[in-house]
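> Dumping the structure here so I can ask a few things about it.
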């Protein structure tokens, strides 16, 4: 059974001393912050008639705030075991003046300054005074009680002794409240905002998705290479051997000849299906010669005339190439199956950092992504690289499928 003394002893743990150190170290850091900012203000006032003084002061201000924030975060981690999430790092791909203007417009900088100039000093001084006052009062009451006891005033000594005991019990709760308030304020002003946290999560998801897409593309390439170099070659050898047997053993009994002929035809059909599978996974020509050559092969194999125009001054990333190839391949397959078209046109252009491709046919039209999985699959493929897909297919035709794929 837990007694009140056990609860008091548990409350008086090492955390109380660490909270005391946290409160005591808040004042020196706050004084340093105030001194730095007071110096910057003085510099701006003295050199107010020049443009250099205020600009230099603002530049120093944007550079001083992050180290002070790091120092405060280290204080919370060391004494309270509280992690203040780091702030997002500003972009460094811009000029110094643009970075300065961006920092001054950022709410993150002003939130840090609000803590270092107002909240931090106020909480630091209040905590310091409260901590020193309660500890001092507790010590003084204990000393008075001992002196009265030694002087023989037994009953009179009970009052300061009770006061010392009460303060001894109150100190941990008081320090816990002060540090909790300081922690909440620091999280709000020195930590990332909800917008920053959402942006960080979106960026993390974007990077994770890109890695997944690249890994899936690399796996398709590996499977295509293994099938092309292994299984397909074995089937080619088997079909050749059966063809030679079919041409050589002409005097075999008719059942045996029929078995060889049937096996030869099935081997050729299996080889054709395997080639289609390999082509659907990732065509080798796309790796070796690029998008133009791969799309030329698609146009040549289509059961209707296809006009192809590809203008890409330089190769796009492999993942984007793969997505573009499969969008065109699936679009031409849909045209052959459903459009009843007499011809199609495929155009591919790289401009303004994106790859724009369009597939147009003169078929009956009426294509609707909501009624079939094929067009939805194309939209999903385009979306996997932050691209967009638009389908325009009125009844009676023509049908146009346009995709915009970022190349970054």
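> Does residue 318 meet the test of being within 20 Å of residue 386 (Cα to Cα), surrounded by fewer than 18 Cβ atoms within 10 Å (Cβ to Cβ) and in contact (Cβ under 8 Å) with a residue 24 or more places away in the chain? Before you say what the answer is, go through the steps one by one.
On the way: within 20 Å of residue 386 (Cα to Cα): yes; surrounded by fewer than 18 Cβ atoms within 10 Å (Cβ to Cβ): yes; in contact (Cβ under 8 Å) with a residue 24 or more places away in the chain: yes.
So residue 318 fits the description; yes.
> In the range 299-315, which residues are surrounded by fewer than 21 Cβ atoms within 10 Å (Cβ to Cβ) and more than 12 Å from residue 357 (Cβ to Cβ)?
Initially, the range 299-315 is screened for residues surrounded by fewer than 21 Cβ atoms within 10 Å (Cβ to Cβ), giving 299-305, 307-315.
Passing the criteria: 299, 300, 301, 302, 303, 304, 305, 307, 313, 314, 315.
> Here are the criteria: (1) surrounded by 17 or more Cβ atoms within 10 Å (Cβ to Cβ); (2) modelled with pLDDT under 80; (3) within 37 Å of the chain's Cα centre (by Cα). Tell me which single one residue 121 does not satisfy.
The failed condition is (2).
> Which one of the conditions (1) at pLDDT below 85; (2) surrounded by fewer than 17 Cβ atoms within 10 Å (Cβ to Cβ) does residue 392 fail to meet, given that it meets all the rest?
(1)
> Does at least one position in the range 137-149 carry a residue that is over 24 Å from residue 64 (Cα atoms), modelled with pLDDT under 70, assigned by TED's automatic domain parsing to the domain that holds residue 24 and not in a helix (DSSP H, G or I)?
no
> Quick one: which of 397, 363 is surrounded by 15 or more Cβ atoms within 10 Å (Cβ to Cβ), assigned to a loop (DSSP other than H, G, I, E, B) and touching a helix residue (DSSP H, G or I) at 6+ places or on another chain (Cβ under 6 Å)? It would help to see each step written out before you state the result.
Working: 397 fails: touching a helix residue (DSSP H, G or I) at 6+ places or on another chain (Cβ under 6 Å).
After ruling out the rest, the residue left standing is 363.
> Would you mind finding the one in 62, 25 that is in contact with a helix residue (DSSP H, G or I) (Cβ under 8 Å, 6 or more places away or on another chain) and modelled with pLDDT under 80?
Working: 25 fails: modelled with pLDDT under 80.
Being in contact with a helix residue (DSSP H, G or I) (Cβ under 8 Å, 6 or more places away or on another chain) and modelled with pLDDT under 80 holds for just one of 62, 25, which is 62.
> List the helices (runs of 4 or more DSSP H) that sit entirely inside the range 248-329 and contain at least 3 residues that are in contact with a helix residue (DSSP H, G or I) (Cβ under 7 Å, 6 or more places away or on another chain) and closer than 22 Å to residue 233 by Cα.
Details: elements: 254-281, 284-289, 291-301.
Because the criterion is at least 3 residues that are in contact with a helix residue (DSSP H, G or I) (Cβ under 7 Å, 6 or more places away or on another chain) and closer than 22 Å to residue 233 by Cα, the helices (runs of 4 or more DSSP H) in the range 248-329 that meet it are 254-281, 284-289.
> Just one of 100, 87, 80, 114 is surrounded by 13 or more Cβ atoms within 10 Å (Cβ to Cβ) and at pLDDT below 65; which is it? Quick ask: steps written out before the conclusion?
Values: 87 fails: at pLDDT below 65; 80 fails: at pLDDT below 65; 114 fails: at pLDDT below 65.
Just one listed residue meets the conditions, 100.
The values are calculated or read from the model by the stated rules, or taken from the named source; none is laboratory data. Note that the coordinates shown come from a computational prediction; the quantities given were computed from them, not determined experimentally. Don't worry about glycine lacking a Cβ; one is built from the backbone with ideal geometry, like all the others, and counts go over all protein chains shown.
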